[in-house]
Each structure stands twice: as structure tokens, then as C-alpha cells.
Amino acid sequence: MGHDHSHHHTNNKKALTLSFFLISFYLVVEVIGGIMTNSLALLSDAGHMLSDAVSLGLSLFAIKVGEKKATNTKTYGYKRFEILVAFLNGLALIFISLYILWEAFHRLLTSPEVMSTGMIIISSVGLVVNIVAAFLLMKGDHHDNLNVRSAFLHVLGDLLGSIGAIVAAVLILLFGWNWADPVASIIVAFFVIVSGVRVTRDSFHVLMEGTPSNLNTEKIKEKLLTIDGIKEVQDLHIWSISSDFPALSCHIVVEDFNRYEQIMTESKHILSHAFHIEHTTIQVDKHQGICGHCN
């Protein structure tokens with residue numbers, strides 16, 4: 001498990017670093033291109049790219065901060081910082097999308113001229129850049145690590161933005177439909193808002209010490225009660241320190257203290273192998289002497 005964790009950690013760092021430099025470079029190109037072509041779709045894509053660059057930079061910083069060792073005042077270290085960054089990234093996705101929606105509705109009323117040829121070229125290169133960045137982040141742990149997932153969703157939003165800008169540019173070029181530019185921005189903004197809400201919700205759940213979605217407290221209780229000698233499982237709490245660091249604490253009520261060591265070994269084995277929970281705090285109480293306040 002430790003080897004697997006460090007392997008994911010290294011991959012995440014590498015993916016985020018390469019994506020950060022790639023996105024940051026192209027961001028400058030897209031801002032200049034958006035201003036020159038007068039395209040909101042390109043400028044909104046550049047807005048997403050700016051949020052990407054900030055998001056990727058913050059995610060890298062979060063991983064670096066998360067590597068700091070635990071101290072007497074920060075006994076879990078700084079791993080939770082990654083979740084805080086994911087939460088801020090989720091909020092950034094929502095606010096940027098809302099601003100683009102507002103700008104797009106204004107544009108729908110005026111339909112300004114857009115240089116479609118330049119828009120096609122710039123958004124096509126942007127699409128390639130986003131595909132490469134998304135591919136790099138897919139090599140990281142984008143399923144389980146909230147921080148990497150929020151960065152991946154930023155890039156995915158950009159990728160959609162580039163596709164939207166290309167489609168809009170083609171429609172403007174072929175039919176002179178200038179309204180296609182803000183409409184493309186609106187469609188992409190809705191997709192990005194959904195992603196932002198999900199990341200914000202998931203990271204908020206971790207910050208509120210919620211039970212990880214892949215773990216079921218009832219199933220864990222049932223499994224622990226299969227151990228010979230355990231009468232009850234009480235005061236069970238499961239939470240996450242960071243995306244890939246679940247923790248558990250509970251009281252187990254036993255009939256016979258003589259089997260204490262064997263019960264503890266079996267409990268830790270079940271939690272580790274069946275549920276992948278390594279960080280556990282288990283208090284053992286004798287059946288008659290169970291504390292009254294535990295529930």
C-alpha cells in the first residue's frame with residue numbers, strides 16, 4: 001500500500017508539473033488571439049486556462065505542502081491542505097463559469113464581428129494542448145485524489161471550451177452566425193459549473209469529516225462482528241484526512257479480555273484488507289464494563 005501511495009504521489013506531481021507549464025504557455029497565446037479575433041469563446045477559454053494555470057499551480061503547491069512532516073501542533077501533517085485547494089478550485093470553476101454566462105448573454109444581444117479563421121487556428125491548437133494536458137493528468141490519480149481530479153476537471157472544461165470555439169468559428173465562417181460564439185460559451189459554462197459543483201461538494205464533504213463515499217459504516221460493523229469474541233461495535237467514526245488517507249476509530253465490546261491481542265490483530269487485518277483502512281484507533285471494552293456514554 002505504501003509503495004502504491006508513493007507511486008501515485010510521484011505520478012501526480014509529474015502530471016501536474018508538465019500540465020502547468022503547458023497550460024501557462026498556451027494561456028498567453030490564447031489571450032492575445034482572443035483579443036485580436038474579438039472572440040468571447042476564445043477569451044472564455046483563456047479564462048478557463050487562467051483558472052487552470054492557477055489550479056495546477058495551487059495543486060502542485062498543495063502536494064509540496066502535504067509532504068511536510070507532522071508536528072506537535074499538526075499531528076496529521078499538512079495533507080488536508082490538498083482538500084482545501086480542491087475546494088477553492090471547485091469554487092473558482094463555478095465563479096468563472098458564471099462570469100462567462102453573464103458576458104455571453106450580453107454578447108447575444110449585440111453579436112459583434114468575430115474573425116473566424118484566426119479563431120479556428122487558435123482554438124484548434126488549444127484543443128491539442130488541452131488533450132495533451134488531460135492525458136498527462138489521466139496518468140495521475142484523477143479518480144481518487146480530489147486535488148488532481150479538480151485540476152483534471154479544469155482541463156476538461158478547457159477541452160470542451162476549445163471544441164465549442166472551433167464549432168462556433170466554423171458556423172461563423174460558413175453561415176456568418178456571430179451568435180454561435182456566445183452560445184458556445186454558454187454551453188461550455190454549464191458543463192464546467194456541474195464539474196465545479198461536484199468538486200466543491202466532494203471536498204466540502206471531506207472538510208466536514210464525512211464518511212468516504214466508498215466506505216459503508218454498516219458493512220464495516222457487520223464484518224467486525226464476524227470476529228469471534230466481539231459482542232458489539234460502538235462509537236464508529238470514519239473520515240478522511242485527505243483523498244487517499246481514510247481513518248477510523250471505534251469501541252469494540254468483547255466477552256473475554258484474554259483474546260485481546262487476537263481480536264485486535266483480526267480487526268486490523270479486516271480493516272486493512274477488506275476496506276483499505278490503515279489508520280485505525282480501536283478501544284476495547286469488556287462486555288459488563290462498557291462505558292455508559294458510548295453510543
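The values are calculated or read from the model by the stated rules, or taken from the named source; none is laboratory data. Note that this is a predicted model, so its numbers are computed, not measured. All Cβ positions, glycine included, derive from the backbone under ideal geometry; neighbour counts span all protein chains shown. Quick note on the areas: whole protein, heavy atoms, side chains included, nothing else; ligands and nucleic acids left out. Shrake-Rupley method; radii C 1.70, N 1.55, O 1.52, S 1.80 Å.
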**Q.** Breaking point among (1) modelled with pLDDT under 90; (2) under 30 Å from residue 286 (Cα atoms); (3) in contact with a helix residue (DSSP H, G or I) (Cβ under 6 Å, 6 or more places away or on another chain), for residue 210
**A.** (3)
Q. Out of all the residues in region 102-141, which are in a loop (DSSP other than H, G, I, E, B) and not hydrophobic (A, V, I, L, M, F, W, C)?
A. 111, 112, 113, 139, 140, 141
Q: Kindly provide the set of residues from region 181-197 that are of a type outside the set (Phe, Trp, Tyr) and at pLDDT below 85, ordered by number.
A: 181, 182, 184, 185, 187, 188, 189, 192, 194, 195, 196
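For residues that are open to solvent by less than 80 Å² (accessible area, probe 1.4 Å) and of a type outside the set (Val, Ile, Thr), tally how many sit in region 68-83. Quick ask: steps written out before the conclusion?
Kept after step one, since they are open to solvent by less than 80 Å² (accessible area, probe 1.4 Å), are these residues of region 68-83: 70-71, 77-83.
The next check asks that each one be of a type outside the set (Val, Ile, Thr); those that pass are 70, 77-82.
Residues that pass the stated criteria total 7.
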Q: Taking residue 267 as the residue in question, decide whether it is assigned to a helix (DSSP H, G or I), open to solvent by less than 40 Å² (accessible area, probe 1.4 Å) and either small (Gly, Ala, Ser) or at pLDDT 90 or above (or both).
A: yes
Q) When you go through (1) at pLDDT 80 or above; (2) under 18 Å from residue 33 (Cα atoms) one by one for residue 158, which number turns out not to apply? A) (1)
Q: Name every residue in region 108-121 that is at pLDDT below 80 and open to solvent by less than 80 Å² (accessible area, probe 1.4 Å), in order of residue number.
A: 111, 112, 114, 116, 118, 119
Q: Please specify each residue of region 73-123 satisfying the condition of being among the hydroxyl-bearing types (Ser, Thr, Tyr), closer than 28 Å to residue 35 by Cβ and without any contact (Cβ under 8 Å) to a residue 40 or more places away in the chain.
A: 110
